[in-house]
1. What is the residue count in region 314-327 for residues that are within 27 Å of LYS254 (Cβ to Cβ) and part of a helix (DSSP H, G or I)?
2. Looking at (1) surrounded by 13 or more Cβ atoms within 10 Å (Cβ to Cβ); (2) within 16 Å of TYR258 (Cα to Cα); (3) over 16 Å from the mean Cα position of the chain (by Cα), find the lone condition where MET328 falls short.
3. Being surrounded by 21 or more Cβ atoms within 10 Å (Cβ to Cβ) and out of contact with any strand residue (DSSP E or B) (no Cβ under 7 Å at 6 or more places or on another chain) is the filter here; which residues of region 137-162 pass it?
4. State yes or no: is ASP163 more than 19 Å from TYR99 (Cα to Cα), within 18 Å of the chain's Cα centre (by Cα) and in contact (Cβ under 8 Å) with a residue 24 or more places away in the chain?
5. What single numbered condition from (1) of a type outside the set (A, V, I, L, M); (2) closer than 30 Å to VAL294 by Cα; (3) out of contact with any Lys or Arg (no Cβ under 7 Å at 6 or more places or on another chain); (4) in contact (Cβ under 8 Å) with a residue 60 or more places away in the chain fails to hold for GLU253?
6. What is the number of the single condition among (1) buried (at least 23 other Cβ atoms within 10 Å of the Cβ); (2) among the acidic types (Asp, Glu); (3) at pLDDT below 95 that ASP212 does not meet?
7. Select from region 263-313 the residues that are buried (at least 19 other Cβ atoms within 10 Å of the Cβ), of a type in the set (A, V, I, L, M, F, W, C) and outside any helix (DSSP H, G or I) and list them in ascending order.
8. Could you list, in sequence order, the residues of region 109-125 that are surrounded by 20 or more Cβ atoms within 10 Å (Cβ to Cβ), of a type outside the set (A, V, I, L, M) and modelled with pLDDT of 90 or more?
Amino acid sequence: MLSRRSRLALPLITALLAAGCSPASTPDPDPATSTPGRATPTLGSTPTTPTSPTATPTTASSDPSPSPSASPTKSSAPKGSTLPRGGRTLFPDYRLVGYAGLTGATTLGRLGTGPLDQRVRELERRAKPYAAGREIQPVLEIIASVVQGSPGADGQYRSRISDRQIATYLKAARKHKALLLLNIQPGRSEFIIEAKAYQKWLQEPDVGVALDPEWAMDKGQRPGAAYGHTTGAELDRTARYLSRLVQRHNLPEKVMVYHQVSVSVVRRESGLKAHPGVAVIKSVDGLGPPGPKVNTYRVVNRTTPKHVHPGFKLFFTEDRRGKTGRLMTPREVLALKPRPEYVMYE
(Lines give C-alpha, C1' and ligand atoms only; values in the text may rest on other atoms or scores of the structure.)
Protein backbone atom coordinates (compact mmCIF):
# COMPACT_ATOMS: atom_id res chain seq x y z
CA MET A 1 0.00 0.00 0.00
CA LEU A 2 1.50 2.78 0.87
CA SER A 3 2.36 4.31 -2.33
CA ARG A 4 4.28 7.36 -3.32
CA ARG A 5 6.27 8.33 -0.27
CA SER A 6 8.70 11.20 -0.58
CA ARG A 7 12.36 10.29 -0.88
CA LEU A 8 12.89 11.90 2.52
CA ALA A 9 10.45 9.42 4.06
CA LEU A 10 12.81 6.49 3.47
CA PRO A 11 15.43 7.59 5.99
CA LEU A 12 12.64 8.79 8.27
CA ILE A 13 11.08 5.34 8.41
CA THR A 14 14.44 3.72 9.04
CA ALA A 15 14.90 6.01 12.03
CA LEU A 16 11.39 5.23 13.28
CA LEU A 17 12.04 1.53 13.06
CA ALA A 18 15.24 1.97 14.99
CA ALA A 19 13.31 3.89 17.64
CA GLY A 20 10.60 1.24 17.88
CA CYS A 21 7.78 3.42 16.46
CA SER A 22 6.09 4.09 19.77
CA PRO A 23 2.50 5.32 19.43
CA ALA A 24 2.27 9.09 19.54
CA SER A 25 0.74 10.63 22.63
CA THR A 26 -0.09 14.14 21.48
CA PRO A 27 -3.41 15.19 19.94
CA ASP A 28 -3.54 15.37 16.15
CA PRO A 29 -5.02 18.24 14.15
CA ASP A 30 -7.85 17.82 11.69
CA PRO A 31 -6.62 16.08 8.50
CA ALA A 32 -8.51 18.52 6.34
CA THR A 33 -6.17 21.30 7.34
CA SER A 34 -2.88 19.82 8.41
CA THR A 35 -2.12 16.31 7.15
CA PRO A 36 1.55 16.42 6.13
CA GLY A 37 2.30 16.36 2.41
CA ARG A 38 4.95 14.46 0.53
CA ALA A 39 6.59 14.61 -2.88
CA THR A 40 4.85 12.33 -5.35
CA PRO A 41 6.43 10.82 -8.48
CA THR A 42 4.36 11.53 -11.59
CA LEU A 43 3.53 8.64 -13.88
CA GLY A 44 5.71 8.83 -16.94
CA SER A 45 8.43 10.76 -15.16
CA THR A 46 11.59 9.48 -13.54
CA PRO A 47 11.20 9.32 -9.76
CA THR A 48 13.92 10.85 -7.65
CA THR A 49 16.54 8.52 -6.25
CA PRO A 50 15.99 8.19 -2.51
CA THR A 51 18.47 9.32 0.05
CA SER A 52 20.06 6.37 1.80
CA PRO A 53 18.83 5.86 5.36
CA THR A 54 21.11 7.15 8.06
CA ALA A 55 20.26 4.58 10.71
CA THR A 56 20.07 0.80 10.78
CA PRO A 57 16.77 -0.68 12.03
CA THR A 58 17.09 -2.56 15.28
CA THR A 59 13.48 -3.65 15.75
CA ALA A 60 13.03 -4.89 12.20
CA SER A 61 14.23 -8.26 11.02
CA SER A 62 15.63 -9.61 7.76
CA ASP A 63 15.11 -13.22 8.85
CA PRO A 64 12.06 -14.98 7.28
CA SER A 65 10.96 -16.26 10.72
CA PRO A 66 9.16 -13.81 13.04
CA SER A 67 10.81 -13.11 16.35
CA PRO A 68 9.18 -14.52 19.50
CA SER A 69 9.11 -11.15 21.25
CA ALA A 70 5.32 -10.92 21.28
CA SER A 71 2.34 -13.12 20.55
CA PRO A 72 -1.17 -12.44 19.29
CA THR A 73 -3.66 -11.37 21.93
CA LYS A 74 -5.28 -14.77 21.44
CA SER A 75 -2.67 -17.41 20.81
CA SER A 76 -4.73 -19.39 18.33
CA ALA A 77 -8.02 -19.29 16.50
CA PRO A 78 -10.69 -21.45 18.12
CA LYS A 79 -12.61 -23.88 15.96
CA GLY A 80 -15.37 -22.06 14.10
CA SER A 81 -13.92 -18.60 14.79
CA THR A 82 -15.65 -15.67 13.14
CA LEU A 83 -14.83 -12.29 11.65
CA PRO A 84 -14.58 -9.39 14.14
CA ARG A 85 -18.18 -8.34 13.61
CA GLY A 86 -19.61 -11.81 13.02
CA GLY A 87 -19.93 -14.33 10.25
CA ARG A 88 -17.36 -16.28 8.28
CA THR A 89 -17.46 -14.42 4.95
CA LEU A 90 -17.10 -10.73 4.16
CA PHE A 91 -19.14 -10.11 1.04
CA PRO A 92 -21.85 -9.09 0.37
CA ASP A 93 -22.62 -8.46 4.06
CA TYR A 94 -19.79 -6.00 4.78
CA ARG A 95 -18.19 -2.94 3.26
CA LEU A 96 -14.61 -2.43 4.40
CA VAL A 97 -13.38 1.07 5.28
CA GLY A 98 -9.85 1.56 6.50
CA TYR A 99 -7.00 3.79 7.52
CA ALA A 100 -3.43 3.12 6.44
CA GLY A 101 -0.10 4.03 7.98
CA LEU A 102 2.51 3.40 10.60
CA THR A 103 2.46 4.99 14.04
CA GLY A 104 4.90 7.87 14.28
CA ALA A 105 5.34 8.14 10.49
CA THR A 106 3.06 11.02 9.52
CA THR A 107 4.12 10.83 5.85
CA LEU A 108 2.76 7.30 5.50
CA GLY A 109 -0.90 7.70 6.24
CA ARG A 110 -3.53 8.67 8.76
CA LEU A 111 -2.61 5.94 11.24
CA GLY A 112 0.74 7.66 11.67
CA THR A 113 -0.78 10.74 13.29
CA GLY A 114 -1.83 11.05 16.90
CA PRO A 115 -2.85 8.37 19.42
CA LEU A 116 -3.74 5.05 17.81
CA ASP A 117 -7.01 4.55 19.68
CA GLN A 118 -8.12 8.05 18.70
CA ARG A 119 -7.44 7.27 15.04
CA VAL A 120 -9.53 4.10 15.16
CA ARG A 121 -12.46 5.92 16.73
CA GLU A 122 -12.15 8.58 14.03
CA LEU A 123 -12.16 5.85 11.37
CA GLU A 124 -15.40 4.42 12.70
CA ARG A 125 -17.07 7.83 12.42
CA ARG A 126 -15.72 8.42 8.92
CA ALA A 127 -16.88 4.98 7.76
CA LYS A 128 -20.56 5.34 8.65
CA PRO A 129 -21.67 7.09 5.40
CA TYR A 130 -20.31 4.16 3.38
CA ALA A 131 -22.74 1.59 4.74
CA ALA A 132 -25.26 1.82 1.86
CA GLY A 133 -27.16 -1.26 2.96
CA ARG A 134 -24.15 -3.13 4.33
CA GLU A 135 -22.52 -3.38 7.73
CA ILE A 136 -19.24 -1.50 8.07
CA GLN A 137 -16.10 -3.50 8.82
CA PRO A 138 -13.27 -1.16 9.94
CA VAL A 139 -9.75 -2.00 8.75
CA LEU A 140 -6.33 -1.00 10.06
CA GLU A 141 -3.77 -1.41 7.28
CA ILE A 142 -0.32 -1.09 8.80
CA ILE A 143 2.96 -1.17 6.90
CA ALA A 144 4.69 -4.24 8.27
CA SER A 145 7.39 -4.74 5.61
CA VAL A 146 8.71 -1.23 4.98
CA VAL A 147 10.68 -0.42 1.84
CA GLN A 148 14.08 1.15 2.50
CA GLY A 149 16.43 3.42 0.54
CA SER A 150 19.45 1.22 1.33
CA PRO A 151 19.88 -2.55 0.92
CA GLY A 152 20.27 -3.52 4.57
CA ALA A 153 22.15 -6.56 5.83
CA ASP A 154 20.40 -8.98 3.48
CA GLY A 155 20.31 -6.67 0.45
CA GLN A 156 16.50 -6.73 0.21
CA TYR A 157 15.80 -2.98 0.59
CA ARG A 158 13.10 -3.58 3.19
CA SER A 159 12.76 -3.88 6.95
CA ARG A 160 10.05 -5.44 9.09
CA ILE A 161 8.41 -3.91 12.10
CA SER A 162 8.65 -5.90 15.31
CA ASP A 163 6.19 -8.47 16.62
CA ARG A 164 5.64 -6.18 19.60
CA GLN A 165 4.46 -3.41 17.27
CA ILE A 166 2.12 -5.76 15.41
CA ALA A 167 0.69 -6.91 18.75
CA THR A 168 -0.07 -3.28 19.63
CA TYR A 169 -2.04 -2.80 16.42
CA LEU A 170 -3.87 -6.10 16.82
CA LYS A 171 -4.89 -5.14 20.35
CA ALA A 172 -6.28 -1.82 19.05
CA ALA A 173 -8.06 -3.58 16.18
CA ARG A 174 -9.69 -6.09 18.51
CA LYS A 175 -10.82 -3.37 20.90
CA HIS A 176 -12.85 -1.89 18.02
CA LYS A 177 -13.73 -5.16 16.25
CA ALA A 178 -11.61 -4.17 13.25
CA LEU A 179 -9.61 -6.24 10.79
CA LEU A 180 -5.83 -5.87 10.75
CA LEU A 181 -4.02 -5.99 7.40
CA LEU A 182 -0.24 -6.30 7.24
CA ASN A 183 0.90 -4.20 4.30
CA ILE A 184 3.94 -5.54 2.46
CA GLN A 185 6.34 -3.30 0.54
CA PRO A 186 8.79 -6.02 -0.50
CA GLY A 187 11.73 -4.09 -1.98
CA ARG A 188 13.83 -6.86 -3.57
CA SER A 189 12.23 -9.56 -1.43
CA GLU A 190 9.09 -11.39 -2.61
CA PHE A 191 5.49 -11.14 -1.44
CA ILE A 192 5.29 -14.84 -0.55
CA ILE A 193 8.50 -14.68 1.50
CA GLU A 194 7.27 -11.65 3.42
CA ALA A 195 3.81 -13.16 3.98
CA LYS A 196 5.32 -16.35 5.40
CA ALA A 197 7.41 -14.25 7.79
CA TYR A 198 4.11 -13.19 9.42
CA GLN A 199 2.56 -16.66 9.54
CA LYS A 200 1.91 -16.68 13.29
CA TRP A 201 -0.15 -13.51 12.83
CA LEU A 202 -1.91 -14.72 9.68
CA GLN A 203 -3.10 -17.78 11.61
CA GLU A 204 -5.31 -15.39 13.55
CA PRO A 205 -8.94 -15.01 12.36
CA ASP A 206 -8.77 -11.22 12.02
CA VAL A 207 -5.42 -10.64 10.26
CA GLY A 208 -4.88 -10.43 6.49
CA VAL A 209 -2.39 -8.91 4.06
CA ALA A 210 -2.13 -6.00 1.65
CA LEU A 211 0.44 -6.23 -1.14
CA ASP A 212 2.06 -3.13 -2.62
CA PRO A 213 3.61 -3.99 -6.02
CA GLU A 214 4.67 -0.40 -6.64
CA TRP A 215 7.51 -1.26 -4.24
CA ALA A 216 8.33 -4.72 -5.66
CA MET A 217 11.72 -4.10 -7.24
CA ASP A 218 13.63 -6.14 -9.80
CA LYS A 219 17.28 -7.02 -9.34
CA GLY A 220 19.30 -3.86 -9.92
CA GLN A 221 16.38 -1.54 -9.11
CA ARG A 222 16.34 0.68 -6.06
CA PRO A 223 13.14 1.88 -4.37
CA GLY A 224 12.32 5.46 -5.27
CA ALA A 225 14.37 5.36 -8.49
CA ALA A 226 11.77 3.38 -10.46
CA TYR A 227 8.28 1.98 -10.07
CA GLY A 228 8.12 -1.67 -9.15
CA HIS A 229 5.73 -4.26 -10.52
CA THR A 230 4.41 -7.77 -10.04
CA THR A 231 2.40 -10.35 -11.99
CA GLY A 232 -0.89 -12.10 -11.45
CA ALA A 233 1.01 -15.36 -10.92
CA GLU A 234 3.10 -13.83 -8.13
CA LEU A 235 -0.02 -12.51 -6.40
CA ASP A 236 -1.58 -15.94 -6.81
CA ARG A 237 1.22 -17.60 -4.81
CA THR A 238 0.29 -15.52 -1.77
CA ALA A 239 -3.44 -16.12 -2.26
CA ARG A 240 -2.86 -19.89 -2.40
CA TYR A 241 -0.75 -19.72 0.75
CA LEU A 242 -3.49 -17.83 2.60
CA SER A 243 -6.09 -20.33 1.41
CA ARG A 244 -4.06 -23.18 2.90
CA LEU A 245 -3.84 -21.34 6.23
CA VAL A 246 -7.61 -20.81 6.26
CA GLN A 247 -8.29 -24.48 5.63
CA ARG A 248 -5.62 -25.78 8.02
CA HIS A 249 -6.74 -23.60 10.94
CA ASN A 250 -10.47 -23.42 10.19
CA LEU A 251 -10.36 -19.64 9.85
CA PRO A 252 -13.02 -17.27 8.55
CA GLU A 253 -12.46 -15.71 5.14
CA LYS A 254 -9.12 -13.92 4.94
CA VAL A 255 -8.50 -10.63 3.12
CA MET A 256 -5.77 -10.17 0.52
CA VAL A 257 -5.60 -6.66 -0.93
CA TYR A 258 -3.30 -5.64 -3.74
CA HIS A 259 -2.78 -1.97 -4.49
CA GLN A 260 -2.51 -0.74 -8.05
CA VAL A 261 -1.67 2.80 -9.14
CA SER A 262 -1.41 2.09 -12.88
CA VAL A 263 -1.91 -0.73 -15.36
CA SER A 264 1.84 -1.42 -15.58
CA VAL A 265 2.19 -2.18 -11.86
CA VAL A 266 0.35 -5.54 -12.15
CA ARG A 267 1.12 -7.48 -15.31
CA ARG A 268 -0.71 -10.52 -16.71
CA GLU A 269 -3.33 -10.12 -14.02
CA SER A 270 -5.29 -13.14 -15.25
CA GLY A 271 -2.71 -15.30 -13.48
CA LEU A 272 -4.42 -14.44 -10.18
CA LYS A 273 -7.02 -17.15 -9.55
CA ALA A 274 -9.84 -17.56 -7.01
CA HIS A 275 -9.00 -19.60 -3.90
CA PRO A 276 -11.33 -20.93 -1.18
CA GLY A 277 -11.44 -18.81 1.94
CA VAL A 278 -9.66 -15.78 0.47
CA ALA A 279 -11.41 -12.50 -0.40
CA VAL A 280 -9.14 -10.78 -2.92
CA ILE A 281 -9.53 -7.01 -3.30
CA LYS A 282 -7.86 -4.66 -5.77
CA SER A 283 -7.45 -1.15 -4.38
CA VAL A 284 -7.05 1.39 -7.17
CA ASP A 285 -4.69 4.09 -5.89
CA GLY A 286 -5.16 6.94 -8.35
CA LEU A 287 -4.09 10.37 -7.08
CA GLY A 288 -5.44 13.86 -7.52
CA PRO A 289 -8.76 15.60 -8.11
CA PRO A 290 -11.93 13.57 -8.69
CA GLY A 291 -11.72 13.62 -12.51
CA PRO A 292 -8.28 11.98 -12.84
CA LYS A 293 -8.99 9.61 -9.93
CA VAL A 294 -12.19 8.34 -11.52
CA ASN A 295 -10.45 7.91 -14.86
CA THR A 296 -7.64 5.91 -13.25
CA TYR A 297 -10.25 3.74 -11.53
CA ARG A 298 -11.95 3.07 -14.86
CA VAL A 299 -8.74 2.27 -16.75
CA VAL A 300 -7.08 0.11 -14.10
CA ASN A 301 -10.25 -1.93 -13.55
CA ARG A 302 -10.34 -3.06 -17.19
CA THR A 303 -8.02 -5.94 -16.32
CA THR A 304 -9.51 -6.89 -12.95
CA PRO A 305 -10.42 -10.61 -12.78
CA LYS A 306 -14.12 -11.22 -12.14
CA HIS A 307 -13.55 -12.86 -8.75
CA VAL A 308 -11.61 -9.83 -7.41
CA HIS A 309 -13.55 -7.28 -5.36
CA PRO A 310 -13.16 -3.55 -6.15
CA GLY A 311 -11.38 -1.12 -3.83
CA PHE A 312 -10.61 2.59 -3.93
CA LYS A 313 -8.07 4.72 -2.08
CA LEU A 314 -8.42 8.36 -1.01
CA PHE A 315 -5.40 10.51 -0.10
CA PHE A 316 -5.88 13.26 2.48
CA THR A 317 -3.03 15.33 1.02
CA GLU A 318 -2.44 14.46 -2.63
CA ASP A 319 -6.11 14.53 -3.61
CA ARG A 320 -6.44 18.09 -2.29
CA ARG A 321 -3.56 19.59 -4.25
CA GLY A 322 -4.13 22.12 -7.02
CA LYS A 323 -7.01 24.44 -7.76
CA THR A 324 -9.44 21.58 -8.42
CA GLY A 325 -8.13 19.25 -5.73
CA ARG A 326 -10.50 17.98 -3.04
CA LEU A 327 -11.36 14.79 -1.22
CA MET A 328 -14.17 12.86 -2.89
CA THR A 329 -17.30 12.44 -0.78
CA PRO A 330 -18.72 9.05 0.27
CA ARG A 331 -21.63 9.67 -2.10
CA GLU A 332 -19.22 10.14 -5.03
CA VAL A 333 -17.18 7.08 -4.09
CA LEU A 334 -20.28 4.90 -3.81
CA ALA A 335 -21.40 6.13 -7.26
CA LEU A 336 -18.30 4.60 -8.90
CA LYS A 337 -18.74 1.65 -11.22
CA PRO A 338 -17.99 -0.92 -9.96
CA ARG A 339 -19.01 0.24 -6.49
CA PRO A 340 -16.02 -0.14 -4.14
CA GLU A 341 -16.27 -2.78 -1.44
CA TYR A 342 -13.13 -1.51 0.28
CA VAL A 343 -12.48 2.21 0.78
CA MET A 344 -9.03 3.11 2.10
CA TYR A 345 -7.84 6.48 3.42
CA GLU A 346 -4.16 7.36 3.48
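The values are calculated or read from the model by the stated rules, or taken from the named source; none is laboratory data. None of these values were measured; they are calculated from a predicted model. Here the Cβ is made from the backbone with ideal geometry for all residues, glycine too, and neighbour counts use every protein chain on show.
1. 0
2. Failed condition: (2).
3. Within region 137-162, just SER162 meets the criteria.
4. Answer is yes for this residue.
5. Among (1) of a type outside the set (A, V, I, L, M); (2) closer than 30 Å to VAL294 by Cα; (3) out of contact with any Lys or Arg (no Cβ under 7 Å at 6 or more places or on another chain); (4) in contact (Cβ under 8 Å) with a residue 60 or more places away in the chain, the lone unmet condition for GLU253 is (3).
6. (3)
7. Result: VAL266, LEU272, VAL278, ALA279, VAL280, ILE281, VAL284, LEU287, VAL308, PHE312.
8. ARG119
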